[in-house]
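> Once you've had a glance at the structure underneath, I'll fire off some questions.
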Amino acid sequence: MMTMDWLDGAFKLITTSRFDGVLFAVLFLLIGRTMAMRTNLSATYGRRLFFWYIVIVLLQLVSVMGIYWVEWHRATCGIACQFFFPPHSNFYFNQVIVQWMSTLAFNACVGLVGGMMFAWFARKTKGTIVDQLDVDLLTVGGMVAGWPNILIFYGIVFVLTILVTVGKAIAQKSGSVRMIITPALPYAGALIALFGNDMAKLLKLYEIGVTLV
């Protein structure tokens, strides 16, 4: 029989940024592997990313709610601790669940806004530079990255695209190789999912000052 401590530990592990970062990184790498193995992918293939993004987020939401439930029903929680929970107070609910959901929603909106900009660009250029698959990858990557990590995500995409283009030019011994961002996207997504927070701290992007009210 699972104890409260075991459940609490499992739920807290799932809600860590490292855990969901690994899940998102695996998702992006699997997409990258599929793209490398298939020469022609449907424009709707990237839509699967949104489904798996929702699955991972729901897993985290269930775990966040699970932490709340465990802490509320923990037998070792003293009388002082109980005052953080209903019916005495909604303090723990507001601090754990509302704050987590607000941050998630904010980051998702940041990614969606970025995706809408790329979708507009794709329509204007008729998909010659960025197609629908690219837009889907950029959108979900931005949602995973959130603010301000999305700035690093776009930067990684740009750098990897340049490196891939230069590598192709050298391999083909040609000075005119078309720049395509698609191969760089899943790997940029994996990098930002795993190391986005570390890179943001290193670059001091959290000092930009964006906060949730």
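> Being outside any helix (DSSP H, G or I), without any contact (Cβ under 8 Å) to a residue 60 or more places away in the chain and among the hydrophobic types (A, V, I, L, M, F, W, C) is the requirement here; does Met179 meet it?
So Met179 passes the test.
> Would you call Leu203 under 22 Å from Leu29 (Cα atoms) and either in contact with a Phe, Trp or Tyr (Cβ under 7 Å, 6 or more places away or on another chain) or surrounded by fewer than 21 Cβ atoms within 10 Å (Cβ to Cβ) (or both)? Can you show your working first?
Numbers: under 22 Å from Leu29 (Cα atoms): no; either in contact with a Phe, Trp or Tyr (Cβ under 7 Å, 6 or more places away or on another chain) or surrounded by fewer than 21 Cβ atoms within 10 Å (Cβ to Cβ) (or both): yes.
Answer is no for this residue.
> Inside the range 12-40, can you point out the residues that are within 28 Å of Gly127 (Cβ to Cβ) and either in contact with a Phe, Trp or Tyr (Cβ under 7 Å, 6 or more places away or on another chain) or surrounded by 15 or more Cβ atoms within 10 Å (Cβ to Cβ) (or both)?
Applying the first criterion (within 28 Å of Gly127 (Cβ to Cβ)) to the range 12-40 yields 24-25, 27-40.
Selection gives Phe24, Ala25, Leu27, Phe28, Leu29, Ile31, Gly32, Met35.
> Okay, next question. For the range 103-128, give me each residue that is among the small types (Gly, Ala, Ser) and surrounded by fewer than 13 Cβ atoms within 10 Å (Cβ to Cβ). Please lay out each step first, then the result.
Of the residues in the range 103-128, the ones among the small types (Gly, Ala, Ser) are 105, 108, 111, 114-115, 119, 122, 127.
The one that is among the small types (Gly, Ala, Ser) and surrounded by fewer than 13 Cβ atoms within 10 Å (Cβ to Cβ): Ala105.
> Continuing with the same structure: Of all the residues that make up the range 129-149, how many are surrounded by fewer than 21 Cβ atoms within 10 Å (Cβ to Cβ) and either in contact with a strand residue (DSSP E or B) (Cβ under 7 Å, 6 or more places away or on another chain) or part of a helix (DSSP H, G or I) (or both)?
1
Read-outs: derived from the displayed coordinates by stated rules, not from any lab. All values reported here derive from a predicted model rather than from experimental measurement. Please note: Cβ atoms are built from the backbone with ideal geometry, for glycine as well, and neighbour counts cover all protein chains shown.
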